[in-house]
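This report concerns only the one structure given below.
What follows is calculated from the coordinates using simple rules that are stated; it is not laboratory data. Fair warning: this is a prediction, and the values are worked out from it, not measured in the lab. Here Cβ is always computed from backbone atoms with ideal geometry, including for glycine, and neighbour counts include all displayed protein chains.
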Amino acid sequence: SQQGEEDPQALSIQEGENATMNCSYKTSINNLQWYRQNSGRGLVHLILIRSNEREKHSGRLRVTLDTSKKSSSLLITASRAADTASYFCATGRPDYKLSFGAGTTVTVRA
Amino acid sequence: DSGVTQTPKHLITATGQRVTLRCSPRSGDLSVYWYQQSLDQGLQFLIQYYNGEERAKGNILERFSAQQFPDLHSELNLSSLELGDSALYFCASSVREGNSPLHFGNGTRLTVT
């Protein structure tokens with residue numbers, strides 16, 4: 001079963017715009033991770049935020065975590081065509097399993 | 001390049017057959033994970049090994065089995081294949097067990113006809 005659920009399922013934006021996607025989960029977590037998957041390729045780890053952290057930045061990525069609402073958001077600023085991909089959140093659970101959501105498909109239009 | 005190698009890249013086989021998927025983890029990583037990705041089920045965790053020992057099991061069917069060898073490479077065996085087993089099978093590795101970032105291979109695309 002999947003722990004995280006991403007919202008929206010799909011997102012289409014213009015190059016240069018920001019893209020925001022959300023992840024909700026159900027149980028307690030040790031950390032939450034975001035991954036990117038280009039079509040037909042393996043997932044690539046983007047960023048990890050621990051359960052005691054509220055915000056984290058990495059380049060054009062900004063992740064927030066609200067454990068009281070059991071939700072996280074990923075913001076990609078100044079999007080580029082190369083950002084076109086599927087984005088997955090993954091919850092690192094206390095039983096050490098990492099559960100992935102269904103993903104958000106992002107299309108960046110030139 | 002993640003450093004995780006999966007072979008073969010593509011596999012086409014018939015129902016009822018058995019196949020073996022192979023994974024070499026990134027150098028230095030002791031933990032290996034197997035995931036199945038299909039359009040209707042998303043990314044499903046199958047099984048995890050750490051330094052040769054099974055550590056966690058997910059939604060792995062009894063027809064599927066896996067092992068991690070002393071050189072840390074891993075194999076996923078799928079038997080009595082059904083049409084519904086058609087999917088992308090990913091191997092991932094991490095340095096430690098337990099919620100560490102995963103490094104994914106590019107997967108094996110299995111088509112059962």
Highest-MSF residue in chain B out of B:Gln37, B:Gln67, B:Gln17 [GNM, Cα springs under 10 Å]: B:Gln17
Prolate/oblate/rounded label for chain B (Cα gyration tensor, a/c 1.5): prolate
A:Glu15, B:Glu62, A:Glu55 arranged by Cβ crowding within 10 Å, fewest neighbours leading: B:Glu62, A:Glu55, A:Glu15
